[in-house]
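Let me begin by presenting the structure, written as C-alpha cells, before commenting on it.
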C-alpha cells in the first residue's frame, strides 16, 4: 500500500535543463515566503500569513506534474502555489500587501490569493472547505469533456474533516479527474495527528472509498514528481481520482500564533539536514549538473527578483474606497441563479419564504 521512500541522492535525474528549472522554482518559492514572513512581522503585510517553508519540493514537484490547462486549489498557503505556477511576482506580493495592483485587487490577501491566468483558483481560509469545490471543478471538466485534471492541496489536519470523505467518495462514484495532495507533517496546525484522527493512515482512508492512494517523500522533489505524475496519469487517462500522501516536515520556524521557534535547536538542525533545497542542490553539484558558483548566482537572481517584486508592491496604491462594492452582485444579474437575498425581496415588497428562480 505505501511505497518505499526513495532518496533524492539515488533516483535518476531528468534532463539537466529541467532539474535546474526545478531548483530555481524552489528557490523562488522559498525566498518569496521568507521575505513575506519578514514583511508580515514588520507590519507591511497584514492579516493572516501561513508559510510553506519546507514544502518547496512538494509544491514544485507536484505542479510540474501538471499541464498548463490543469486546475489547482489550495488551503491557506496559496501564494506558494501561485508563485510555483508562474504568477507575476510583483502582483503576487502586491496581493499580500492588500494593494490594488495585486492579483485580486488586494481583496484576497495571503489566504485567498488566486491566479486565474495560471489556473490557481485560490486559497480557502477554512480547513477542508475547498475539497468539495475541487470536486466540482473536476466534475465540470468531466461534464464538458475536457481532458483537464484538478489538483487540490491540503494538510493532514484537513484529512479528518468530513469534506474529504464526501469529496473523494463522490469523485470515485462519478469517476472525476481529481488528485488530492496531502502535506503530511503529522502536525495538523499545532495538534498531533493522534489527537484528531483515530486512523492516521490517509492511504487507508482513501482506499476505503475506492480511491487509489500513493505515498511519496515530500522532501524529495524527484520522488514527489514521479508519484504525482502517476497520480495525474490515473486522473487524466483512467478518469478516476487519486490521493498522494507526501510525508514531510515543515521548517520549525516561528508562526503568527507562536513567535518562538516551533522546535528545539536539535530539531532545527535535523530539519536543515533534510532541507529540500539544500539536498537537491547538493545532488546537482555532485553529479556536475550545477556549479557551486552557478548555484550562488541562481540564488542572487532569485533574491533580486523578489526584491523587485516587493518594491513594485510597495508602489501599488491601496484600493479606492469607492471600489468596496466592486465584484458584488445580486441574483437578478445572474440568469438562472436563485434569488435568496431576503432583504432584496423585502425591498420589492415580496414575501415568499423560499428562493425563486430568476429567469434570463
Is it the case that some residue within region 260-267 is assigned to a helix (DSSP H, G or I) and either touching a residue at least 12 places away in the same chain (Cβ under 8 Å) or under 21 Å from residue 58 (Cα atoms) (or both)?
yes
Could you figure out which of (1) surrounded by 24 or more Cβ atoms within 10 Å (Cβ to Cβ); (2) farther than 30 Å from residue 13 by Cα; (3) modelled with pLDDT of 95 or more; (4) in contact with a strand residue (DSSP E or B) (Cβ under 9 Å, 6 or more places away or on another chain) isn't true of residue 96?
(4)
Would you confirm whether any residue within region 246-264 is in contact with a strand residue (DSSP E or B) (Cβ under 9 Å, 6 or more places away or on another chain), at pLDDT 90 or above and assigned by TED's automatic domain parsing to the domain that holds residue 97?
yes
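On the given criteria, is residue 247 out of contact with any helix residue (DSSP H, G or I) (no Cβ under 9 Å at 6 or more places or on another chain) and farther than 12 Å from residue 149 by Cα?
Numbers: out of contact with any helix residue (DSSP H, G or I) (no Cβ under 9 Å at 6 or more places or on another chain): yes; farther than 12 Å from residue 149 by Cα: yes.
Taking the combined requirement at face value, the residue satisfies it.
Can you name every residue in region 19-48 that is assigned to a helix (DSSP H, G or I) and free of Cβ contacts under 8 Å to residues at least 24 places away in the same chain?
We begin by selecting, within region 19-48, every residue assigned to a helix (DSSP H, G or I); these are 19-41.
Residues satisfying the conditions are 21, 34, 38, 41.
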From 87, 135, 100, 171, residue being assigned by TED's automatic domain parsing to the domain that holds residue 211, in contact with a helix residue (DSSP H, G or I) (Cβ under 6 Å, 6 or more places away or on another chain) and within 30 Å of residue 303 (Cα to Cα)
87
Sort out which residues of region 129-145 are surrounded by 14 or more Cβ atoms within 10 Å (Cβ to Cβ) and under 19 Å from residue 79 (Cβ atoms), and write them in order of number.
130, 133, 134
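Condition check ((1) modelled with pLDDT under 95; (2) within 28 Å of residue 93 (Cβ to Cβ); (3) exposed (fewer than 11 other Cβ atoms within 10 Å of the Cβ)) across all residues:
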position	(1), (2), (3)
283	yes, no, no
286	yes, no, yes
290	yes, yes, no
298	no, yes, no
306	no, yes, no
314	no, yes, no
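With respect to residue 68, determine if the residue is surrounded by fewer than 24 Cβ atoms within 10 Å (Cβ to Cβ) and in contact with a strand residue (DSSP E or B) (Cβ under 9 Å, 6 or more places away or on another chain).
Criteria not met by residue 68.
The values are calculated or read from the model by the stated rules, or taken from the named source; none is laboratory data. For clarity, every value in this text was computed on a predicted model and none was experimentally measured. Methodologically, a virtual Cβ is constructed for each residue, glycine included, from the backbone with ideal geometry; neighbour enumeration extends over all protein chains shown.
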